[in-house]
Amino acid sequence: MFGTVAAYPRWSWWMSLGLFLAVSLGGWTRVTAQTVETSPSIPSLRELVNRLPEAQDEEARRALLMHIAAGGDAATERVFAALERGALYVDRRSRTVVEGSRKGSRYLLTDVLTGEALGEAGRRDVRRIPVDNRLRAELRTVQALGALEARDPTVRQAAISTLLGSSDPEVHKAFERRRGVEPEAALRSSLDVALAIFALGGHDPKAFSAALNTLEGRSEENVRTALRQFSARSDVLESQQVRAQRLLERAENRLRWLARLEALFFGLSLGSVLLLSAVGLAITFGVMGVINMAHGELIMLGAYTTWALQQLLPTQPGIALLLAIPTAFFVAGGVGLALERGVIRFLYGRPLETLLATFGISLILQQLVRSLFSPLNRSVSSPEWLAGAWEIVPGLALTYNRLAILGFSLLVFAALLSLMKYTRFGLQVRAVAQNRAMARALGVRSQRVDALTFALGSGVAGIAGVALTQLTNVGPNLGQAYIIDSFLVVVFGGVGNLWGTLVAAFSLGIANKALEPMVGAVLAKILLLIALILFLQRRPQGLFPRRGRQEEQG
Amino acid sequence: MSSSPGNSPFLHRATIAFFLGLALWVPVANLLLPAESPLALSSYSVSLLGKYLCLALLALALDLLWGYAGLLSLGHGAFFALGGYAMGMYLMRQIGTRGVYGDADLPDFMVFLDWSELPWYWWGFDSFPFAMLMVLLVPGVLALVFGWLAFRSRVTGVYFSIMTQAMTYALMLAFFRNEMGFGGNNGLTDFKDLLGFDLHADSTRCALLVVTALTVLGSYMLCRRLLATRFGAVVTALRDQEGRVRFLGYSVASYKLVVFVLSAMLAGVAGALYVPQVGIINPGEFQPLNSIEIAIWVAVGGRGTLVGAMLGAFVIAAVETLLTAQFPEAWLFALGALFLLVTLFLPRGLLGLWERRGHG
Amino acid sequence: MLYRLYQPIFFVVALTLAAMASRAQEGEPIRVGVLHSLSGTMAISETTLKDTVLMLVEQQNARGGLLGRPLEAVVVDPASDWPLFAEKARELLVRERVDVVFGCWTSVSRKSVLPVFEELNGLLFYPVQYEGEESSQNVFYTGAAPNQQAIPAVDYLMNQGVQRWVLAGTDYVYPRTTNKILQAYLAQNGVAEDDILVSYTPFGHSDWQSIVAQIKRFGGAGKKTAVVSTVNGDANVPFYKELANQGISAADIPVIAFSVGEEELSGIDTAPLVGHLAAWNYFMSVEEDVNYDFIDEWLAYIGDDDRVTNDPMEAHYIGFNLWAAAVEKAGTADPSAVQEAIIGVSVPNLSGGMATMLPNHHITKPVLIGEILDDGQFQVVWETPAAVAGDAWSDYLPGSRNLMADWTDPVRCGNYSTEENRCLGAD
């Protein structure tokens, strides 16, 4: 199967580096000690860093890295961070190691120790110092071992979590040392768990029982692995093995329950996405009876607004995102207003024609975005405060971005609802929807209300687009992915009923996520669509029917 | 719409002449005339014309439903694709041992995805009459079930449109699944022959075109005759004043159902004729976009005219061929603008324009 | 029967065509067809390839063309519409009379045009990695076959100590076939069935919560776990975002992708992706002068310093040069002659080695594993010691184990059964 054509000796040292990294940590500290002892004078950090490209084989590289770590220089952190990011280069002209960042086809070079700018270089002038996952893991372990002694307890906690999976005796020793001096109770118990895991893997039968006591009620991944391995051992007491087994079962049971809770959250989260994308439509279609097939493209415009604002504020993605919420509302609302005045108002009372015309608009908007911004997806970054997850208990973590979107969707919904219920504008909208002639007779400027209502629905679609940038692609096809679902949500909920839209969105989201583990993602979606079609064929008015002017259409 | 332009005797005769002429001229121009002759038709043009004819039939089917019964289906692409799949399955079975694995029992895509036996729903597709029956039955039965459920609950207007769109969307997702046994995303392709005739021969291609032209003509005549009957009158009345028709004691649902099923079957036939001429059927045909495009053919040509629908399909397909070759960027702009302009300024389509000039 | 009637006319037509073909030899341009979608969903990927071919044609003309004749590119847009691919292929071969076509991206588009190329005896160079299980006399596969991408990638991960595998893909033919091959390969290497999780999602899937949670649980069994991703196009961004948010880093569960390249990464915020992997036969970051030259020419041609190069572009680079070398060797651009001449021809690839056209119409390629960096580039972390010969028929699928492709004498067959010693599917 493998024909021989050419060989690549360049990589040989690199593959052997992989081997080195597989060796346990205990080994390297010893080697470090030797290297330090044998070196005639203590070289500076810069000298060591510049030796990186010369380190052609595993031993040399390993020694060198440890050497750098042992030096304790303040800039070590910088070097390691740059190495981890793959941002260290050899400048082939000066044969020195520099930090580089790509800018178009050029590289901006900086001094890795001081951060001082060193000018530009072409692609051919630099060669990257390779880094891979093993090296990163190794660097992380080295850094975590140091961080165990850090002053900040959260840093120490993070370090313990990083090191938890390790089976290395050096880590074991470090944990024991730390346990003796750790002032924080929470961290002491984390360390106890870590030590118990080591104990279960050890050979001291007296420690087993205490370790099992410590692990009682725990369900972390590493705990389960330790229990699993322990109960498979042949050299331990059967009673202790049975106990470990029981603990394991209990932990797994707990996880199964948490998984169900998690699935519920996933359903709510999917529901919130559906709600956001459909709630604008619930206004334009539900209240006004306008079939706006360009609704998806209004969502897309909101997403592109977010991207554009991030381009304007490249260093502040979070602020750009927050600013995007009102901006997208006005951009999409403005486009909606133009659509209503320019096209839709001529087609009131002819819903099928509206459908075709707005579909034409959606094609034009898509192609416009494609021509203006390129057909490629645009990259929208997530602010720090939306990254990561909130771990409620081990095994149940809710991601911040999903939580934020869930909260945001409810907020938007509540705002819309109170707008419709408690303001003069809302009253006028409802009046026009219920009886246009009567509303006009009472002095409501129905045309103006129509235009503003449509703009409102469109603006809400734009807001949905802002939220979606945190979950999915920002590209010309963004809107198409949501349009059919949005219509189904509104129809299922009952046209003209905002609460219906809310219930429909969340029940569809939860149903989808409940089905998914059983039948897979594709079939879940198909089954749900079929169920929805059948339901609507029995009850075309949806869950919560309400009479409005859309009832006239036949 | 008292005097529909489709009923003008001149247009009617011109339509018949056009399809008959096409059926006579194409074989001559492609097979008999030397390639340099200005009247000669390359095999490329023959397959293009064949494709346009199938699309015209599809537009005719939708016009029957939308233009006369007032029901806009945004899922007609699904019936078209189902008819196409039925024909494609027959063509797959005709390959026999000529597939790349030389397997007599299973189509190629099943061999390399490790299917052990032919699924039951593929049984019988070795037989041409059975496959043709399925071309009519599968779309027909789907329309019957869907329509029965929908019309019973008086689903109409945009609700009907949205639900048919959801239907074709669900079918698209289903046919994309490889486990369905229809070749997944790749669909069915690499057909060899039809009733023993080599599909790659120019003569077969011309014969298919003749059959298609005659089928479109036949379907057109059928629709016309049907609409001229009492049945047709009720259906048209239904479009304009459903409440009154119901009040007069007609079973509205049954009338709608008959038209819907007939229209779905015609779409299925169009799909069945389309597949051997383009050489592939895949789930892309179920895309909601395709179905909406059919509606725009009908709207551009002039709905409720039969002839207009076919004209619209021909014109737009030809423009698409031209634009995608010359100005690929412009195609979606043009299509989008067409949707807008026709609905805003040409509510009765191209034929309406022609008629207005005729009267003025 | 119609055919017999018209046979004499066919003969006349064939003669005139032949006459025109011979006339074309004198100084008239050699016509190069480009069959890539410029609109629709695939335009994202394929537009770049169209530009690549146009650049290669321009460069060849600057070098004096081929056989003293200039090259002329003919571009058509099949608009991501599969039946339209067949129509446009016919247009190129019949109406435009092109001598060679560079085109297609998706498998379905290739399947759609295949009968047309075989019927009209055209030449198609197909530049994208694909599922294999095909070898046509008229198609040259310059992208990777599964053994040039998937299997070496799994080898690499096994060396990294991975014991549990998630095979996640979009539900279409390429992932299905690749996963079938990988399952068989993993089983052969002693991986238990319990240690493999297969998961399919629809095109454009955007809600990855459940699947990522499932992967997380699957990876929490105490064995090193990796995800082999054949997830397609647009679905990747939400997938990676969800992975990052649920706290799965490349250090815990690395994801190795077969369809995420430099161009796809340009639309993603890559910071959370650092360390995830991709397997290709070329990366823009390959440090070779021939690659730097290519990148410089590309950036100059396209006039945008932020553009990237990727694997399918390299495949077109190789394919174009193989074709040009074969035309020179054959002394004519006639497709039949080029088909004969091209086998065994070698040209440089962009990673410092050579690519050779094999008798099965696939080429030799090195396999590179790259890790994503936060500037949207890949860091090559491993490379096969030698170039791998593309295998049209997988050794790991029961149906194709005994098949081989060889378009030289005496076999001359794309699907020759070594068991029955005959060419399958022939009449």
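Rounded to a whole number of µm²/s, how large is the Stokes-Einstein D of the stretch C:282-363 at 4 °C and 1.567 mPa s, given Rh as the Kirkwood radius over C-alpha pairs?
Details: Rh = 13.6 Å.
Value of D from the Cα-based Kirkwood radius: 95 µm²/s.
Considering chain B, what Rg and Dmax in Å follow from its alpha-carbon atoms?
Final numbers for Rg and Dmax: 20.7, 69 Å.
Place +1 on the Cβ of every Lys and Arg and -1 on the Cβ of every Asp and Glu in the protein assembly as shown, take the dipole about the Cα centre, and give the residue among C:Leu35, C:Asn159, B:Phe175 whose Cα lies farthest towards its positive end.
B:Phe175
For the stretch A:137-182, just say rounded, prolate or oblate: build the C-alpha gyration tensor, square-root its eigenvalues into a ≥ b ≥ c, call rounded for a/c under 1.5, and beyond that prolate if a/b exceeds b/c, oblate if not. Can you show the working numbers first?
Working: a/c = 1.84, a/b = 1.14, b/c = 1.62.
In terms of gyration-tensor shape, oblate.
Among B:59-65, A:478-484, how do they line up from the highest to the lowest mean number of other beta-carbon atoms within 10 Å?
Working: B:59-65: 29.6, A:478-484: 23.3.
Top of the packing list down: B:59-65, A:478-484.
With both bridge residues required to lie in chain C, what share of the DSSP beta bridges run antiparallel, to the nearest 5%?
On the way: 21 of 54 bridges.
Around 40 percent antiparallel, to the nearest 5.
Relative to the first principal axis of the alpha-carbon coordinates of chain A, what is the inclination of helix A:205-215, with its axis defined by its Cα atoms, in degrees from 0 to 90 and to the nearest 10?
The angle comes out near 20 degrees.
Give the peptides B:109-119, A:385-395 in descending order of average Cβ contacts within 10 Å, highest first. The partial results should precede the final answer.
Values: B:109-119: 17.3, A:385-395: 14.7.
Answer by packing, highest mean first, reads B:109-119, A:385-395.
Amide H of C:Val388 versus every other amide H placed in the peptide plane: which residues, excluding those fewer than 5 positions away on the same chain, fall under 5 Å?
So C:Val388 has HN proximity to C:Lys365, C:Val367.
Evaluate peptide C:349-356: per residue, the Cβ atoms of other protein chains within 10 Å of its Cβ; return the mean as an integer. Don't jump to the answer; show the numbers that get you there.
Details: counts 2, 0, 2, 3, 4, 2, 2, 2.
Mean shielding by partner chains, rounded to a whole number: 2.
Any residues in the stretch B:85-110 that have 40 Å² or more less accessible area with all protein chains than in their chain alone, probe 1.4 Å, and which are they?
In the stretch B:85-110, residues shielded by partner chains: B:Arg98, B:Val100, B:Tyr101.
Accessible area per residue, 1.4 Å probe, Å², for the stretch B:81-194: what's the number? If you can, show how the numbers build up before the last one.
Working: 3870 Å² over 114 residues.
I get 34 Å² per residue for the stretch B:81-194.
Which residues does a label at C:Ala221 reach in the stretch A:209-227, if reach means a backbone N under 17 Å from a point 7 Å past the Cα toward the Cβ?
Taking a point 7 Å out along Cα→Cβ of C:Ala221, the residues of the stretch A:209-227 whose backbone N falls under 17 Å are A:221-227.
As a test of the definition: which semi-axes, in Å, follow for the protein assembly as shown when you take the square root of five times each eigenvalue of its alpha carbon gyration tensor? Largest first, please. Write down the numbers at each step before the final one.
On the way: eigenvalues 596, 343, 166 Å².
For the protein assembly as shown, the semi-axes come out at 55, 41, 29 Å.
What's the whole-number percent of alpha carbon pairs in the stretch A:423-530 lying beyond 18 angstrom?
Values: 3696 of 5778 pairs.
Summing the P(r) of the stretch A:423-530 above 18 Å gives 64 percent of all pairs.
What is the mean number of Cβ atoms from other protein chains located within 10 Å of the Cβ atom of each residue in peptide C:117-130, rounded to a whole number? Walk me through the numbers before you get to the answer.
Working: counts 0, 2, 6, 3, 0, 0, 0, 0, 0, 0, 0, 0, 0, 0.
Counting Cβ atoms of other protein chains within 10 Å of each residue's Cβ and averaging gives 1.
Can you work out the Karplus-derived ³J(HN,Hα) for every residue in the stretch A:233-238? Use 6.51 cos²θ - 1.76 cosθ + 1.60 with θ = phi - 60°, whole Hz, and x for glycine or proline.
Going residue by residue, I get 6, 9, 9, 10, 4, 5 Hz, with x marking Gly and Pro.
Report the net charge of residues surrounding C:Val166, where surrounding means a beta-carbon distance below 15 angstrom and charges are Lys +1, Arg +1, Asp -1, Glu -1. Walk me through the intermediate numbers first.
On the way: positive: C:Arg164, C:Lys216, C:Arg217, C:Lys223, C:Lys224; negative: C:Glu193, C:Asp194, C:Asp195, C:Glu242, C:Asp252.
Taking every Cβ under 15 Å from that of C:Val166, the sum is 0.
DSSP loop (so not H, G, I, E, B), at most 10 other Cβ within 10 Å: list which chymotrypsin sites (Phe, Trp or Tyr not before Pro) in the stretch B:160-201 pass both filters. Intermediate results must be reported in sequence, preceding the final value.
Values: sites: B:Phe160, B:Tyr169, B:Phe175, B:Phe176, B:Phe182, B:Phe191, B:Phe197; in loops: B:Phe182, B:Phe191.
Here no loop site has a sparse enough neighbourhood.
Shielding of C:210-219 by partners, i.e. mean partner chain Cβ atoms within 10 Å per residue?
Values: counts 15, 4, 2, 7, 3, 0, 4, 6, 0, 1.
Average neighbour count from other chains, rounded to a whole number: 4.
Looking at chain C, which Cys residues are left with no other cysteine's beta carbon under 4.7 Å from theirs?
Lone cysteines by the Cβ rule: C:Cys104.
Near the amide H of C:Gly33, under 5 Å away, which other amide H atoms are found, from residues 5 or more places off or on another chain, if H is placed in the peptide plane?
For C:Gly33, whose amide H was placed from the backbone, the distant partners under 5 Å are C:Val74, C:Asp99, C:Val100, C:Val101, C:Phe102.
GNM, chain B, Cα, under 10 Å: largest mean-square fluctuation among B:Arg13, B:Arg224, B:Arg348?
Of B:Arg13, B:Arg224, B:Arg348, the Gaussian network model singles out B:Arg13 as fluctuating most.
Could you sort the peptides B:315-323, C:252-260, A:250-258, C:313-321 by per-residue average Cβ neighbour count (10 Å cutoff), highest mean leading? List each step's numbers first, then the result.
Details: B:315-323: 17.0, C:252-260: 23.0, A:250-258: 15.3, C:313-321: 26.1.
Averaged packing, sorted descending, gives the order C:313-321, C:252-260, B:315-323, A:250-258.
When every alpha-carbon pair in the stretch B:1-137 is counted, what percent end up more than 20 Å apart? List each step's numbers first, then the result.
Details: 6215 of 9316 pairs.
Result for the distance tail: 67 percent.
If you take the accessible area of B alone plus A alone and subtract the pair, what total do you get in square angstrom, rounded to 100, with a 1.4 Å probe?
Working: alone 16990 and 28990 Å², together 42240 Å².
Interface area, both chains combined: 3700 Å², rounded to the nearest 100.
Counting only protein chains, not ligands or nucleic acids, how are B:Trp66, C:Trp407 ordered by accessible area (probe 1.4 Å), most first? Walk me through the numbers before you get to the answer.
On the way: B:Trp66 5, C:Trp407 35 Å².
Descending order: C:Trp407, B:Trp66.
Near the amide H of C:Val227, under 5 Å away, which other amide H atoms are found, from residues 5 or more places off or on another chain, if H is placed in the peptide plane?
For C:Val227, the qualifying residues are C:Val166, C:Val255, C:Ile256.
Counting only heavy atoms of the protein chains, get the accessible area per residue of the stretch A:260-553 (1.4 Å probe) and round it to a whole Å² value.
Numbers: 10950 Å² over 294 residues.
Roughly 37 Å² per residue, with all protein chains present.
Considering only protein heavy atoms and a probe of 1.4 Å, how much of the accessible area of chain C is carbon and sulfur, as a whole percent?
Numbers: 6490 of 12880 Å².
C and S atoms contribute 50 percent here.
Against the longest principal axis of chain C, how steep is helix C:2-24, in degrees 0 to 90 to the nearest 10, with axes from Cα atoms?
With both axes taken from Cα atoms, the answer is about 90 degrees.
With a 1.4 Å probe on protein heavy atoms only, work out how much accessible surface A and C bury together, total over both chains, in Å² to the nearest 100. List each step's numbers first, then the result.
Values: alone 28990 and 17890 Å², together 40900 Å².
Counting protein atoms only, the buried area is about 6000 Å².
Find the centroid of the Cα atoms in the stretch B:45-78 and in the stretch B:285-360, then give the distance between the two in whole Å.
12
Which value at 222 nm does chain A reach when only helices count, each DSSP H run of 4 or more adding -39,500 (n - 2.57), with the total divided by all residues and rounded to the nearest 500 deg cm²/dmol? It would help to have the intermediate numbers written out before the result.
Values: 22 runs with 361 residues, N = 554.
Mean residue ellipticity at 222 nm (helix-derived): -21500 deg cm²/dmol.
Determine the sum of side-chain charges near B:Tyr52: Lys and Arg each +1, Asp and Glu each -1, restricted to other residues whose C-beta is under 12 angstrom from that of B:Tyr52.
Values: positive: B:Lys51; negative: B:Glu320, C:Glu87.
Around B:Tyr52, the surrounding residues sum to -1.
Ordered by residue, what ³J(HN,Hα) values in Hz, to whole numbers, does the stretch C:75-84 give under the Karplus form 6.51 cos²θ - 1.76 cosθ + 1.60, where θ = phi - 60° and Gly and Pro are x?
With coefficients 6.51, -1.76 and 1.60, one gets 9, 10, 10, x, 6, 6, 10, 5, x, 5 Hz.
Roughly what would the spin-label model give for A:Arg260 and B:Arg98, points 7 Å off Cα along C-beta, in nm?
Modelled inter-label distance: 5.8 nm.
Got a sec? Which residues in the stretch A:325-350 would a label at A:Ala437 touch, if it sits 7 Å along Cα→Cβ and we count backbone N under 17 Å?
Only A:349 fall inside the zone, counting backbone N under 17 Å.
For B:Lys192, give me every one of the lysines with a C-alpha distance below 19 angstrom, ignoring sequence neighbours fewer than eight places off in its own chain.
B:Lys51, C:Lys111
Note down the net charge around C:Ala330, summing +1 for each Lys or Arg and -1 for each Asp or Glu among other residues with Cβ under 12 Å from its Cβ.
Values: positive: C:Lys329; negative: C:Asp99, C:Glu328, C:Asp334, C:Glu340.
Around C:Ala330, the surrounding residues sum to -3.
In the protein assembly as shown, what percentage of the DSSP-assigned beta bridges are antiparallel, given to the nearest 5? Write out the running numbers ahead of the final one.
Details: 46 of 79 bridges.
The antiparallel proportion sits near 60 percent.
Rounded to the nearest 10 degrees, what's the angle between the helix A:480-493 long axis and the longest principal axis of chain A, both from Cα atoms, 0 to 90?
Compared with the principal axis, the helix lies near 60 degrees.
Please give the length that would be gained between B:Glu179 and B:Asp198 if that part of the chain were fully extended, namely 0.36 nm times their separation in residues minus their C-alpha to C-alpha distance (nm, one decimal).
Details: separation 19, 0.36 × 19 = 6.84 nm, distance 3.05 nm.
Working it through step by step, the gained length comes to 3.8 nm.
Can you compute the modelled spin-label distance between A:Leu419 and A:Gln447, with each label point 7 Å from Cα toward Cβ, in nm?
2.3
Excluding ligands, DNA and RNA, what is the accessible area buried between chains C and B, summed over both sides, using a 1.4 Å probe, to the nearest 100 Å²? Let's see the in-between values first.
On the way: alone 17890 and 16990 Å², together 30660 Å².
When C and B are taken together, about 4200 Å² of accessible area is lost.
The values are calculated or read from the model by the stated rules, or taken from the named source; none is laboratory data. Here the structure is a predicted model, which is why all the values come from computation and not from measurement. Neighbour counts are summed over all protein chains in view; Cβ atoms, including those assigned to glycine, are modelled from backbone coordinates with ideal geometry. Note: areas computed on protein heavy atoms with side chains; ligands, DNA, RNA excluded. Shrake-Rupley method; radii C 1.70, N 1.55, O 1.52, S 1.80 Å.
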